[in-house]
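Q: Here it is: the structure, laid out below.
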Amino acid sequence: MTANCPAILVAAPASGQGKTTVACALARLHSRQGLRVRVFKCGPDFLDPHWLTLASGAPVHQLDLWMTGPADCARRLHDAAADADLIIVEGVMGLFDGDPSAADLAQRFGLPVLAVIDASAMAGTFGALAWGLQHYREGLRFAGVLANRVASPGHADMLKDGLRDASQWQGGLMRGDAFALPERHLGLVVAGELLDAEARLDAAADALATTPLGQMTAADLHAWDVIFEVESTTDAHISQHALQGTTIAVARDAAFCFMYAANVDCLQAMGARLVYFSPLKDAALPACDALWLPGGYPELHAGAIAANGPMKAGIAAHVNAGKPVWAECGGMMALFDKLTTADGTSFPMWGVLPGSVTLQKRLAALGPQQLELPGGAMRGHSFHYSTVETGLMPRSRTTAAPGKKMRGEGEALYVHGPSGAVQASYFHAWFASNPAAAAALFVKAPA
């Protein structure tokens, strides 16, 4: 089966060049014009998709040739192409960074590459970077180059003059505080935390509209046409009845917001009913059979978590009843006795797991990993600034992705509570990599 759709991969020579801003601006601009836009994020990222979802008005899924796998990537791209007028894929790090890289993804699926370069401190070198990105790898489709954080129209002219091929010029995006996307220690600030998030996206779209890239019509976009092929549009590994009749309560608020949209889809495809609650604001857990505590920013909301005594009691009652809990990264951090923030302030947490969590000023772990579970290996990644001190012995540990090296030991999987109901780790799981193993996380063990 095939589906045809204009598609573009927004890449850069390095992180911090403005890929997310440009991808959001492009999505916002065309969605405002009535086009159906679907956006994907290359690599295991939670924060950029919040902005990309707001910009496009559609769910954003991850594409990663290892974590999600080539077949999963192909199916998601095909399904999007069948319904969309434009597909945008935001790259990760630099175009050729990582294994697999954004360039690997682009080449595998024939995606044209738009290079975004922060030109704020350069002139003629801009052309050398653009030439290198276009020609470093043979056979990569190139859709041109966009200069970001340009100082003036005169500066833009200098940058354009530096290109060997002026037809590759997609314009210059001027510096603008109105559409800057603020950052913190784990990446971009979540869009939902900013009252002016919509205004920032509109400002970015308006700025992009003045460039050649932003002036492309729906007909012009067909220069980026890609034919996406797939053998099947369904995942044969998903059992539609594995979680039938199971209600899973999912923490979702400013403190617990790192959640793959595809993970939600996977649970629902297996028959689960998901109900959402806020550990920050709600006084009780919703009625449920299992609990999912995703990652996020408990360190930024530790005071509110500590102050919500009824929620702490409700989670304790759930655990004491032997009902399953899957907690990853931030969700796990809140389960320990105590959390100490980077400034040394300590807060009591839920006390389900014995021990304490301490925020560090430097990154503690990062990288693609997999976790071996009774149902098989599940792929995912790790990314955190905190460390744990506990007397609990890990049930197992993650291992690095094939061909990758890991500094120190892998992430611990802690199993605790009646019948081992609580399973917790810094590991962020991609459920679709092994739906059966994911389903087992939310099923109560036989008495």
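Q: Where residues in region 113-165 are aromatic (Phe, Trp, Tyr) and in a helix (DSSP H, G or I), which of them is farthest from residue 176 (Cα to Cα)?
A: Residues of region 113-165 that are aromatic (Phe, Trp, Tyr), as a first pass: 126, 131, 136, 142.
Narrowing the set further to residues that are in a helix (DSSP H, G or I) leaves 126, 131.
Details: 126: 20, 131: 26 Å.
It comes out as 131.
Q: From the residues in region 66-90 that are within 20 Å of residue 104 (Cα to Cα) and either acidic (Asp, Glu) or assigned to a strand (DSSP E or B) (or both), which one is nearest to the chain's Cα centre (by Cα)?
A: 90
Q: Name the single residue, out of those in region 120-137 being modelled with pLDDT of 95 or more and small (Gly, Ala, Ser), that is farthest from residue 157 (Cα to Cα).
A: Among them, the one singled out is 132.
Q: Can you pull out every residue in region 1-49 that is over 15 Å from the mean Cα position of the chain (by Cα), of a type in the set (Lys, Arg) and in a helix (DSSP H, G or I)?
A: 28, 32
Q: Among the residues of region 227-259, which ones are among the β-branched types (Val, Ile, Thr) and in a loop (DSSP other than H, G, I, E, B)?
A: Of the residues in region 227-259, the ones among the β-branched types (Val, Ile, Thr) are 227, 230, 233-234, 238, 246-248, 250.
Those that are among the β-branched types (Val, Ile, Thr) and in a loop (DSSP other than H, G, I, E, B): 230, 233, 234, 238, 246.
Q: Given (1) surrounded by fewer than 24 Cβ atoms within 10 Å (Cβ to Cβ); (2) in contact (Cβ under 8 Å) with a residue 24 or more places away in the chain, where does residue 39 come up short, assuming only one miss?
A: (1)
Q: Does residue 115 satisfy being closer than 19 Å to residue 49 by Cα, of a type outside the set (D, E, K, R) and either modelled with pLDDT of 95 or more or outside the structural domain of residue 31 (by TED's automatic domain parsing) (or both)?
A: Numbers: closer than 19 Å to residue 49 by Cα: no; of a type outside the set (D, E, K, R): yes; either modelled with pLDDT of 95 or more or outside the structural domain of residue 31 (by TED's automatic domain parsing) (or both): yes.
No.
Q: Go through (1) over 19 Å from residue 115 (Cβ atoms); (2) buried (at least 24 other Cβ atoms within 10 Å of the Cβ) and name the single condition residue 25 misses.
A: Going through the list (1) over 19 Å from residue 115 (Cβ atoms); (2) buried (at least 24 other Cβ atoms within 10 Å of the Cβ), residue 25 breaks only (1).
Q: Report whether or not residue 389 is without any contact (Cβ under 8 Å) to a residue 24 or more places away in the chain and surrounded by fewer than 17 Cβ atoms within 10 Å (Cβ to Cβ).
A: Values: without any contact (Cβ under 8 Å) to a residue 24 or more places away in the chain: no; surrounded by fewer than 17 Cβ atoms within 10 Å (Cβ to Cβ): yes.
Criteria not met by residue 389.
Q: Does residue 52 satisfy the condition of being assigned to a helix (DSSP H, G or I), of a type in the set (A, V, I, L, M, F, W, C) and free of Cβ contacts under 8 Å to residues at least 40 places away in the same chain? Give the steps one after another, and end with the answer.
A: Details: assigned to a helix (DSSP H, G or I): yes; of a type in the set (A, V, I, L, M, F, W, C): yes; free of Cβ contacts under 8 Å to residues at least 40 places away in the same chain: yes.
The answer is yes for residue 52.
Q: Based on what the data block shows, is residue 262 in a helix (DSSP H, G or I), out of contact with any helix residue (DSSP H, G or I) (no Cβ under 9 Å at 6 or more places or on another chain) and within 27 Å of residue 86 (Cα to Cα)? Reasoning before the result, please.
A: Working: in a helix (DSSP H, G or I): yes; out of contact with any helix residue (DSSP H, G or I) (no Cβ under 9 Å at 6 or more places or on another chain): no; within 27 Å of residue 86 (Cα to Cα): yes.
No.
Q: Take the residues in region 311-337 that are outside any helix (DSSP H, G or I) and over 22 Å from the mean Cα position of the chain (by Cα), then tell me which one is farthest from residue 422 (Cα to Cα).
A: Taking region 311-337 as the starting set, the residues that turn out to be outside any helix (DSSP H, G or I) are 321-329, 336-337.
With over 22 Å from the mean Cα position of the chain (by Cα) added as a condition, the list becomes 321-325, 336-337.
Values: 321: 11, 322: 8, 323: 8, 324: 6, 325: 5, 336: 12, 337: 15 Å.
The residue in question is 337.
Here is a yes/no grid of residues against (1) modelled with pLDDT under 95; (2) among the small types (Gly, Ala, Ser); (3) more than 24 Å from residue 43 (Cα to Cα):
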position: 340; (1), (2), (3): no, no, yes
position: 346; (1), (2), (3): no, yes, yes
position: 359; (1), (2), (3): yes, no, yes
position: 374; (1), (2), (3): yes, no, yes
position: 404; (1), (2), (3): yes, no, no
position: 418; (1), (2), (3): yes, no, yes
position: 443; (1), (2), (3): yes, no, yes
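Q: Then there is this: Name the single residue, out of those in region 392-402 being modelled with pLDDT of 90 or more and not aliphatic (A, V, I, L, M), that is surrounded by the most Cβ atoms within 10 Å (Cβ to Cβ).
A: First, the residues of region 392-402 that are modelled with pLDDT of 90 or more: 392-399.
Add one more test, that the residue is not aliphatic (A, V, I, L, M), and what stays is 394-399.
Working: 394: 15, 395: 14, 396: 15, 397: 16, 398: 29, 399: 16.
Ranking the qualifying residues of region 392-402, first place goes to 398.
The values are calculated or read from the model by the stated rules, or taken from the named source; none is laboratory data. Remember, it's a predicted structure, so these values are computed and weren't measured experimentally. Every residue, glycine among them, receives a Cβ derived from its backbone with ideal geometry; neighbour counts consider all protein chains shown.
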